[in-house]
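Q: Pasting in a structure now, in C-alpha cells, and then I'll have a few things to ask.
The values are calculated or read from the model by the stated rules, or taken from the named source; none is laboratory data. Since the model is a prediction, treat every value here as computed from it, not as a measurement. Here Cβ is always computed from backbone atoms with ideal geometry, including for glycine, and neighbour counts include all displayed protein chains.
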Amino acid sequence: MSANDLLLKNIDSNDKYPLNYEELEQTAKENLDAGSFGYIRSSAGGEETYRKNTNSFQKYSIVPRFLTDVSTLNTEVTILGHTYPHPLFIAPVGVNKIAHADGEIAVAKAASKFGYPYIQSTVSSYSIEEIASATEGSSKWFQLYWSQNKEIAFSMVKRAETAGYEAIVLTVDTVMLGWREEDVRNQFSPLKRGLGQGNYSTDPVFMAALPDQTEGSIIKSMIENIYHPTLNWTDIEELRERTDLPILLKGILHPEDAKIAIEKGLDGIIVSNHGGRQLDGVIASIDALPEIVEVVKGKIPVLFDSGVRRGSDAVKALALGATAVCIGRPFVWGLANGGQDGVERVLENFLQETKVSISLSGARNLAEVRKLKIVRN
Ligand SMILES: Cc1cc2nc3c(=O)[nH]c(=O)nc-3n(C[C@H](O)[C@H](O)[C@H](O)COP(=O)(O)O)c2cc1C
Ligand SMILES: O=C(O)C(=O)c1ccccc1
C-alpha cells in the first residue's frame, strides 16, 4: 500500500475512529473507569516532565530537502543482528487488562500484523508463554523489572530466552514507583488489585518462594519483589553473565550512564523518562537524546521513547540519532478504544504517518533520515 492509499481510505471511511492523540485519549476516557484511565494517563508529581516530553518536540524543526525522487522508501533497520521492517517498536507497558480484557495478547497480535517488535512488560497480565504462543514467529523483546529475590529475575530471563525473545530490556528508572497523585486520589494500585501477575503466578521460582499459594501471598510477594532500590552496576554484571541475549538498559538520561553501559558490555540503551511517570522534573527525553547519541558514537543502538505522539515526532527522534522509537500511550488508548482492532488502527496510522513524513522530508532510507537537518528554535 502506498502512503496515500491509507489517507484516502481513512477519508472514504464513515466510521469516526479517533485519529490524533487528544481524540484517542478522550475516547478512552469515555470507555474506562476513572482509576484505570487515570493510571494510564497520569504521571509523577506535578506532571512537569510529562508536559515537557511532548512540548519539547516543538523546539525541534525538520528542514526538508526536495527534488530527491522519493518514489521508493526503505525503512528497514538492523538492530543487534535482527532486521526489522521499520524503526517503530511497542514500548513495554504493564497491566494492559485495565484497558481491555484481551490486554497484551491484543497488542502483541496487532504489533505482529504491522511489523512492530513487541517489548513485553514484566508486569503483563498475560505470561511470556501465552504471548509467545499467540504470536508465533513475530519479534519480541522482554522488559525486565529486577526482583528483590534476583533468582526470580533470572528465571524470567530464562523463560524469555526459551520462548525465543530476541533481547532483554532492563528498566533502571523504576527501582520504586514514582509519586503519582492521580492514583492516590483514585485509590488505584494495579498490583494491589491483583493485576499484572501473568509472569509471576507462572514463574516456578517465584511460586516456590511463597509461604503459601494464595492470591494474597502472590500480591504481597509481587509488591515486595518489584521494589528493588538496591539495584546497582554489580547486578548488571551478574545479569550479563546469566544470559546470552543482548541486554539493553531502559531509562537512561545521563550521557555518563550511557558511557558506563558501554564499558560494562551492555548491548544497547533506551533513552526514556518513563513517560514522566517516575521522577518529575527530569529532562525531556528528546532533550536528553542528542548528547547521549554524541557520547555513544554509534557503538551500541540507542532507542528512544517518551512523548512520541505522531509520525513527525518519530522522524525528529530518528534524525537526532535514535536507532528506533518506541510508542507508548497511543497504543494503550487504541486498546481501550477497540481491543486488537483499536491497536491496529493506531499502529497502521502511526506507521503510515511516519513513512509520509520521512518521504516528505526528502529521505529515502534511515541513513538519510539520520542526516536530516534539524534546527532548535
Ligand atoms: C500505563 C503504563 C504502564 C507502563 N508500564 C511499564 C512497564 O511495565 N515497564 C516499563 O519499562 N515501562 C513501562 N511504562 C513506560 C513505557 O515503556 C514508556 O517509557 C512510556 O509510556 C513512554 O511515554 P509516552 O507513553 O508518554 O510516550 C509504562 C507506561 C504506561 C503509560
Ligand atoms: O506504571 C508504570 O509505569 C509501571 O512501570 C508499572 C510498574 C508496576 C506495575 C505496573 C506498571
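Q: Please identify the pairs in which a residue from the range 276-296 that is more than 25 Å from residue 179 (Cβ to Cβ) has its Cβ atom under 6 Å from the Cβ atom of a residue that is among the charged types (D, E, K, R) and in a helix (DSSP H, G or I), counting only partners at least 6 apart or on another chain.
A: From residues that are more than 25 Å from residue 179 (Cβ to Cβ), the pairs are 295/259.
Q: If you don't mind, there's one more thing I want to ask. For the range 100-109, how many residues meet the condition of being crowded, with 24+ Cβ neighbours inside 10 Å, more than 16 Å from the chain's Cα centre (by Cα) and among the hydrophobic types (A, V, I, L, M, F, W, C)?
A: The qualifying residues number 0.
Q: Scan the range 110-122 and report the pairs whose first residue is in contact (Cβ under 8 Å) with a residue 12 or more places away in the chain and surrounded by fewer than 24 Cβ atoms within 10 Å (Cβ to Cβ) and whose second residue is in a loop (DSSP other than H, G, I, E, B) and aromatic (Phe, Trp, Tyr), with Cβ atoms within less than 9 Å and a gap of 6+ or a chain change.
A: Hits for this filter: 121/145.
Q: Residue by residue through the range 1-26, note down the ones that are under 14 Å from residue 334 (Cβ atoms) and among the hydrophobic types (A, V, I, L, M, F, W, C).
A: 19, 24, listed by residue number.
Q: Also: Please work out which one of (1) away from ligand 2 (no atom under 16 Å from the Cβ); (2) assigned to a helix (DSSP H, G or I); (3) crowded, with 24+ Cβ neighbours inside 10 Å is the condition residue 322 fails and give its number.
A: Status for residue 322: all satisfied but (2).
Q: Consider the range 52-67. How many of its residues are touching a Leu at 6+ places or on another chain (Cβ under 8 Å) and surrounded by 17 or more Cβ atoms within 10 Å (Cβ to Cβ)?
A: Within the range 52-67, residues that are touching a Leu at 6+ places or on another chain (Cβ under 8 Å) and surrounded by 17 or more Cβ atoms within 10 Å (Cβ to Cβ) number 2.
Q: Among 104, 129, which is the only one that is closer than 13 Å to residue 93 by Cα, charged (D, E, K, R) and outside any loop (DSSP other than H, G, I, E, B)? Don't jump to the end; show me each part of the working.
A: On the way: 129 fails: closer than 13 Å to residue 93 by Cα.
Just a single option satisfies the conditions, and that option is 104.
Q: Looking at the range 47-89 only, could you name the residues that are over 20 Å from the mean Cα position of the chain (by Cα) and within 20 Å of residue 290 (Cβ to Cβ)?
A: 58, 59, 60, 61, 62, 63, 64
Q: Looking at (1) among the acidic types (Asp, Glu); (2) closer than 27 Å to residue 128 by Cα; (3) more than 15 Å from ligand 2 (Cβ to nearest atom), which one does residue 104 not meet, given that it meets all the others?
A: Exception for residue 104: condition (3).
Residues are listed down the side, and each one gets a yes or a no for (1) within 12 Å of ligand 1 (Cβ to nearest atom); (2) surrounded by 18 or more Cβ atoms within 10 Å (Cβ to Cβ):
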{"position": "180", "(1), (2)": "yes, yes"}
{"position": "194", "(1), (2)": "no, no"}
{"position": "199", "(1), (2)": "yes, yes"}
{"position": "203", "(1), (2)": "no, yes"}
{"position": "209", "(1), (2)": "no, no"}
{"position": "230", "(1), (2)": "no, no"}
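Q: Here's a follow-up. Would you please name the residue that is farthest from ligand 1 (Cβ to nearest atom), looking only at residues in the range 86-101 that are assigned to a helix (DSSP H, G or I) and farther than 20 Å from residue 169 by Cβ? Please lay out each step first, then the result.
A: Taking the range 86-101 first, the residues assigned to a helix (DSSP H, G or I) are 96-98.
From what is left, the residues that are farther than 20 Å from residue 169 by Cβ are 97-98.
Details: 97: 11, 98: 8 Å.
The residue in question is 97.
Q: State whether the residues of the range 154-168 include one that is closer than 16 Å to residue 243 by Cα and without any contact (Cβ under 8 Å) to a residue 12 or more places away in the chain. Steps first, please.
A: Applying the first criterion (closer than 16 Å to residue 243 by Cα) to the range 154-168 yields 154-168.
Subset that is without any contact (Cβ under 8 Å) to a residue 12 or more places away in the chain: 162.
Checked against the condition, which is being closer than 16 Å to residue 243 by Cα and without any contact (Cβ under 8 Å) to a residue 12 or more places away in the chain, the range 154-168 yields at least one hit.
Q: Within the range 147-167, can one find any residue that is within 16 Å of ligand 1 (Cβ to nearest atom) and under 17 Å from residue 277 (Cβ atoms)? Spell out how you get there, then give the answer.
A: Going through the range 147-167, the residues within 16 Å of ligand 1 (Cβ to nearest atom) turn out to be 147, 152-153, 156-157, 160, 165, 167.
Next cut, under 17 Å from residue 277 (Cβ atoms) only: none.
Scanning the range 147-167 turns up no residue that is within 16 Å of ligand 1 (Cβ to nearest atom) and under 17 Å from residue 277 (Cβ atoms).
Q: I'm trying to understand the selection: among the residues of the range 232-258, which are of a type in the set (A, V, I, L, M, F, W, C) and more than 24 Å from residue 163 (Cα to Cα)?
A: To start, the set of residues in the range 232-258 that are of a type in the set (A, V, I, L, M, F, W, C) comprises 233, 236, 239, 245, 247-249, 252-253, 258.
Residues satisfying the conditions are 233, 252, 253, 258.
Q: Same structure, new question: Using the structure shown, decide if residue 280 is in contact with a helix residue (DSSP H, G or I) (Cβ under 8 Å, 6 or more places away or on another chain), surrounded by 19 or more Cβ atoms within 10 Å (Cβ to Cβ) and at pLDDT 95 or above.
A: Considered against the rule, which asks whether it is in contact with a helix residue (DSSP H, G or I) (Cβ under 8 Å, 6 or more places away or on another chain), surrounded by 19 or more Cβ atoms within 10 Å (Cβ to Cβ) and at pLDDT 95 or above, residue 280 comes out as yes.
Q: So, in the range 211-228, of the ones that are under 16 Å from residue 125 (Cα atoms) and touching a Phe, Trp or Tyr at 6+ places or on another chain (Cβ under 9 Å), which residue ends up surrounded by the most Cβ atoms within 10 Å (Cβ to Cβ)? Let's see the steps before the verdict.
A: Residues of the range 211-228 that are under 16 Å from residue 125 (Cα atoms), as a first pass: 215, 218-219, 222-223, 226.
So of that shortlist, the ones also touching a Phe, Trp or Tyr at 6+ places or on another chain (Cβ under 9 Å) come out as 218, 222, 226.
Working: 218: 19, 222: 25, 226: 22.
Checking each candidate, the answer is 222.
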